[in-house]
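The next block holds one structure in the form of structure tokens; read it before the comments.
The values are calculated or read from the model by the stated rules, or taken from the named source; none is laboratory data. Only a predicted model underlies this, so the values are computations on that prediction, with no experimental measurement involved. Don't worry about glycine lacking a Cβ; one is built from the backbone with ideal geometry, like all the others, and counts go over all protein chains shown. Please note that ligands, DNA and RNA were not included when accessible areas were found on the heavy atoms of the full protein model with its side chains. Shrake-Rupley method; radii C 1.70, N 1.55, O 1.52, S 1.80 Å.
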Amino acid sequence: MTSLSRGADGRARCAWVGADAEYQRYHDEEWGVPLHGDRALFEKISLEGFQAGLSWITILRKRPRFRAVFEGFDPERVAAFDGDAVERLMQDAGIIRNRQKITATISNAALVRDMEPGELDALLWSFAPSSGPRPRSFDDVPAVTPESTAMSKALRKRGFRFVGPTTMYALMQSTGMADDHIEGCWRA
């Protein structure tokens with residue numbers, strides 16, 4: 001696989017995007033763009049956790065339904081979900097029906113709810129790596145970094161689940177903490 005692909009619009013993009021229009025939109029408008037705010041970052045932690053073992057495009061296509069059934073990822077509301085809510089979610093084909101991921105999202109919401117406003121944002125961004133050289137190919141893009149490992153440890157110590165080092169590096173990329181657009185990509 002080459003590191004870049006050219007879209008119908010003529011723009012060179014990171015090759016993982018391929019020809020899928022939704023993936024192109026996500027790459028162009030969201031991936032690598034700095035994201036702040038406790039609710040928005042809680043959503044990303046949740047969706048990255050649901051993505052574990054699956055492709056991101058699967059999550060991206062299901063994201064509108066995730067947002068609907070998880071009350072816009074409002075930590076206060078999600079933290080109040082009970083056993084009946086879990087069972088309802090387990091029956092919803094519009095999301096990933098994994099009980100462990102669903103209950104982790106609910107317990108993670110309670111942890112975020114109990115934090116001071118802005119605390120999650122500050123905590124996550126405190127692990128943002130310093131910028132280095134732009135990756136020239138996918139071989140230059142790590143799956144795990146010392147920073148993502150440290151973020152994972154800090155979150156686990158607080159009780160968060162589905163926040164492994166690889167998942168946290170994906171979070172860093174998707175929230176702009178790490179900018180891994182390949183050299184030559186129009187977003188680089």
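What the table shows:
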quantity: Tally, over the stretch 80-100, of residues that are open to solvent by 20 Å² or more (accessible area, probe 1.4 Å) and either closer than 23 Å to A40 by Cβ or aliphatic (A, V, I, L, M) (or both); calculated: 8
quantity: Options A128, A170, A122; residue that is touching a residue at least 40 places away in the same chain (Cβ under 8 Å), aliphatic (A, V, I, L, M) and farther than 29 Å from G7 by Cα; calculated: A128
quantity: Verdict on F160 being aromatic (F, W, Y), open to solvent by less than 20 Å² (accessible area, probe 1.4 Å) and modelled with pLDDT of 95 or more; calculated: yes
quantity: Residue selected from the stretch 125-147 under the condition of a type in the set (V, I, T) and at pLDDT 95 or above, by the criterion nearest to G53 (Cα to Cα); calculated: V144
quantity: In the stretch 1-59, residue surrounded by the fewest Cβ atoms within 10 Å (Cβ to Cβ) [restricted to those that are among the acidic types (D, E) and within 30 Å of R77 (Cα to Cα)]; calculated: E29
quantity: Candidates R97, R77, filtered to the one that is among the basic types (K, R), assigned to a loop (DSSP other than H, G, I, E, B) and farther than 28 Å from D179 by Cβ; calculated: R97
quantity: Every residue from the stretch 109-132 that is of a type in the set (D, E) and either open to solvent by 60 Å² or more (accessible area, probe 1.4 Å) or not in a helix (DSSP H, G or I) (or both); calculated: D114, E116
quantity: Complete set of residues in the stretch 20-71 that are in contact with a helix residue (DSSP H, G or I) (Cβ under 8 Å, 6 or more places away or on another chain), of a type in the set (G, A, S) and in a loop (DSSP other than H, G, I, E, B); calculated: G32, G37, A52
quantity: The listed residue being in a helix (DSSP H, G or I), in contact (Cβ under 8 Å) with a residue 12 or more places away in the chain and of a type in the set (D, E), out of E183, E147, E87; calculated: E147
quantity: Selection status of G118, of a type in the set (G, A, S) and farther than 24 Å from Q173 by Cα; calculated: no
quantity: Identity of the residue in the stretch 90-119, touching a residue at least 40 places away in the same chain (Cβ under 8 Å) and small (G, A, S), that ends up nearest to E48 (Cα to Cα); calculated: A104
